[in-house]
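What follows is a single structure, written as structure tokens, with notes after it.
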2 protein chains.
Amino acid sequence: MDTILIFGHKNPDTDAICSAIAYSDLKNSLGYKTEAVRLGSISKETQFALDTFSVPAPDLAAEPLRKNHAVILVDHNEPSQSIDNLEEVNIVEVVDHHRISNFSSDQPVYFRTEPVGCTATILYKIYKEHELEPDAAIAGLMLSAIISDTLLFKSPTTTEADRKAALALSKLADVEMETFGMELLKAGAGTENLDPTDIISIDAKLFKMGSANVEIAQINVVDTSNVQSRSEEIKNAISEKIENYDLDLFVLLITDILTSESLVLALGAEQHKFEQAFSTTLKDNTTFLSGIVSRKKQVVPPLTNAFAD
Amino acid sequence: MDTILIFGHKNPDTDAICSAIAYSDLKNSLGYKTEAVRLGSISKETQFALDTFSVPAPDLAAEPLRKNHAVILVDHNEPSQSIDNLEEVNIVEVVDHHRISNFSSDQPVYFRTEPVGCTATILYKIYKEHELEPDAAIAGLMLSAIISDTLLFKSPTTTEADRKAALALSKLADVEMETFGMELLKAGAGTENLDPTDIISIDAKLFKMGSANVEIAQINVVDTSNVQSRSEEIKNAISEKIENYDLDLFVLLITDILTSESLVLALGAEQHKFEQAFSTTLKDNTTFLSGIVSRKKQVVPPLTNAFAD
């Protein structure tokens, strides 16, 4: 039998990479033959986590995958965020914490989404259900994923299950959660060395909303001044991407992880949908949203509603 | 907050009823306010289970449900098998063991399907995950659901997880599994007192396959001769249903639970799709399929493929 490939979404964030590694570790210890792969480059934040726990990055997936290749999706279930030939492969499992978008299967599958802050939190539960424990390195990666997705528990997506899993994992990994957490977030928060294309691509996800193509990118910073001073070149990069990929709307969230606020750039023919969703007015395609830090919980649902009108 | 309604599919079978009751019991003991309801009448088999363990049948759901009413779906996820105004209510959870058909949610939800023989098997796992145990009556209903769905472990849908759950539940319910199991299946297997409309409706499910409406009904018997002698009136009832509900194909599986064989009636404009799916030729709309006992695992997938061509 083929090796089952396990991967997170395109433009992988720390959860997409670390949950693929952790779930592969778990499945292999249950007797399956699996391998974690990735659908994009490793971010600075993720690299910091991998370096801290001395785990090599997964290989890039060799796309297109062979027809009927067995795969497990973690941290995503929407085709627009996955491999291009998803409809040709055999999805044997899904473990995720996002909305479900028109998912279908011919046969019953193991499909598990839970409304928690991070895929790694669900994986921690699955370890426990099998009466297993991740080793220190895997626990460290899972902890990194939870800290990253919940912005060290400041995001409104955070649940009691995330806190409980993170606490247990920090003990298994033998790290002090708050200290390590701030180091991890800061490692991913610098924009000084990034060019505009990187800033709008590092953590970008494409969504189908009605018939519209909406891309929502997010970047964490500890100070928005660097990005603000470069807003013209960033807007140019966004306009180019809209043109090249036929997007109806592009939203960039520049999230200050220290103050839990987001500076937002929104461009595209449907930018009025953004204004409608947030009852705001864009000035120079820019607005400021206080308390908005979660793309999934605070941006995708109101935008989806606006496009459903 | 409203009481969360928990229900299985239309034309409820023993799993649809008993898993709704069991999951409501579990959620209530976790502090939620839930109530099991049903979307149709109770079968003789299910009534036998309810009587054995002295549990009252759930009330019939008062349809249409109020807009945004919170609901939990068990043992189904396809809109065609649920309440008519499903798109208006708020689905907060799904626990199921069937294929997934174009399921979508605006927000992340608890959605859990597993490729096991019975929903009650998944519920048994969830009890264990919460370090809880069903009481004797609830355990008896969950055991009944597993015996019913797996035809006392003869169906190819049966997994090790189903056997393990059933064994544990039979101890909690204090019944001898084989003896009780045959009594339960026989209680539901008589067709003598049923009119043709009952025979084709008791366990019927509607599926969208491509653009076609396909209804697949199944009835368990211990002897096919009664049904065979009445095949003309049964075919008339099927023709009437096809006419009234604009169906493209109607398939009736008459499954002999002692021999694990099915006599099949297939009618409708698309009956050649049935012949194609099973490489068989219908004579008087009838054929015999040896070893075919599972609608879900052995009938739906090849028919879906035939309609995808």
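The values are calculated or read from the model by the stated rules, or taken from the named source; none is laboratory data. Every value quoted in this text rests on a predicted model; they were computed, and no experiment measured them. Cβ sites come from the backbone with ideal geometry, for glycine too, and all protein chains shown count toward neighbours. For the accessible areas, the whole protein counts, side chains as well, though only heavy atoms, and no ligand, DNA or RNA atoms are used. Shrake-Rupley method; radii C 1.70, N 1.55, O 1.52, S 1.80 Å.
Where both bridge residues fall in region B:196-308, DSSP classifies roughly 70% of the beta bridges as antiparallel. Interface A-B: total buried accessible area of about 2200 Å², 1.4 Å probe, protein heavy atoms only. Across region A:109-185, the convex hull enclosing all Cα atoms gives 84 Å³ per residue. With +1 on each Lys and Arg Cβ and -1 on each Asp and Glu Cβ, how big is the dipole of region A:6-63 about its Cα centre, in debye rounded to the nearest 20? Dipole of region A:6-63, to the nearest 20 debye: 120 debye. Annotation: the antiparallel percentage among DSSP beta bridges lying fully within the protein assembly as shown is about 45. For A:Gln107, the distances from its label point to the matching points in the remaining copies are 3.5 nm, ordered from shortest, with each point set 7 Å beyond Cα toward Cβ.
Taking one quarter of the surface of the C-alpha convex hull of chain B gives a mean projected area of 15.4 nm². Only one residue of A:Val221, A:Leu141, A:Leu65 has its Cα farthest out toward the positive end of the dipole of chain A, where Lys and Arg carry +1 and Asp and Glu -1 on Cβ, and that residue is A:Leu141. The alpha-carbon atoms of region B:1-110 define a convex hull whose volume equals 105 cubic angstrom per residue. Accessible area per residue for region A:4-187, computed on protein heavy atoms with a 1.4 Å probe, is 37 Å².
Largest accessible area first, the residues A:Glu131, B:Glu88, A:Glu93 order themselves as A:Glu131, B:Glu88, A:Glu93 under a 1.4 Å probe with ligands, DNA and RNA left out.
Name the residues of region A:128-151 whose accessible area falls by at least 20 Å² when all protein chains are present instead of the chain alone, probe 1.4 Å? Residues meeting the cut-off: A:Glu129.
Once all protein chains are placed together, B:His130 keeps about 90 Å² accessible to a 1.4 angstrom probe.
Would you work out which of A:Met177, A:Ser104, A:Gln81 lies farthest towards the positive end of the dipole of the protein assembly as shown, given +1 charges on the beta-carbon of Lys and Arg and -1 on that of Asp and Glu, about the Cα centre? Highest projection toward the positive end goes to A:Met177. Using only alpha-carbon positions in region A:4-187, the gyration tensor eigenvalues give semi-axes of 25, 17, 16 Å once each is multiplied by 5 and square-rooted (largest first).
State to the nearest 20 debye the size of the charge dipole of the protein assembly as shown about its Cα centre, where the only charges are +1 on K and R beta carbons and -1 on D and E beta carbons.
Here the size comes out at about 280 debye.
The relative contact order of chain A, computed from alpha carbon pairs under 8 Å that lie at least 6 residues apart in sequence, is 14 percent.
For the protein assembly as shown, the fraction of 1.4 Å probe accessible surface lying on carbon and sulfur atoms is 47 percent.
Relative to the longest principal axis of the Cα atoms of chain B, the long axis of helix B:119-129 lies at roughly 20 degrees. Here chain B is assigned +1 on the Cβ of each Lys and Arg and -1 on the Cβ of each Asp and Glu. Its dipole about the Cα centre then comes out at about 520 debye. Considering only the Cα atoms of region A:196-308, their convex hull presents on average a projected area of 6.2 nm². What separates the B:Leu289 label point from its copies, with the point 7 Å along Cα to Cβ, is 4.9 nm, written shortest first.
Send over the Kirkwood Rh of the protein assembly as shown, from the inverse of the averaged 1/r over different Cα pairs, rounded to one decimal Å.
When all Cα pairs of the protein assembly as shown are included, the Kirkwood radius is 26.1 Å.
With Cα atoms defining each centre, region B:284-309 and region A:208-270 are spaced 50 Å apart in the structure. For chain A, the longest principal axis of the C-alpha atoms and the axis of helix A:160-173 are separated by about 60°. In this view, the solvent-accessible surface of B:Asp174, computed with a 1.4 Å probe and all protein chains in place, comes to about 130 Å².
Straight-line cross-link partners of A:Lys125 among the aspartates and glutamates, defined as a Cα under 12 Å from its Cα and at least 8 positions apart when in the same chain: A:Glu114, A:Glu133, A:Asp162, B:Glu129. Taken along the Cα-to-beta-carbon direction at a fixed 7 Å, the label points for B:Ala308 and A:Glu275 span 4.5 nm. The HN-Hα couplings worked out from phi for region A:301-306 by the Karplus form 6.51 cos²θ - 1.76 cosθ + 1.60 (θ = phi - 60°) are x, x, 5, 4, 4, 4 Hz, whole numbers, x standing for Gly and Pro.
Taking all protein chains together, A:Lys164, A:Lys186 sort by accessible area into A:Lys164, A:Lys186, largest first [probe 1.4 Å]. With 10 Å² as the minimum drop in accessible area between chain alone and full protein complex (1.4 Å probe), the qualifying residues in region B:264-309 are B:Lys296, B:Lys297, B:Pro301, B:Thr304, B:Asn305. Mean residue ellipticity, 222 nm, helices only, chain B: the sum of -39500 (n - 2.57) across DSSP H runs of n ≥ 4, divided by residue count and rounded to 500, is -11500 deg cm²/dmol.
Our compactness index for region A:151-224, the C-alpha radius of gyration over the empirical 2.2 N^0.38 Å, is 1.41. Between the residues B:Thr287, B:Gly210, B:Ala266, the greatest Cα displacement towards the positive end of the dipole of region B:196-308, with unit charges on the Cβ of Lys, Arg, Asp and Glu, is found for B:Gly210.
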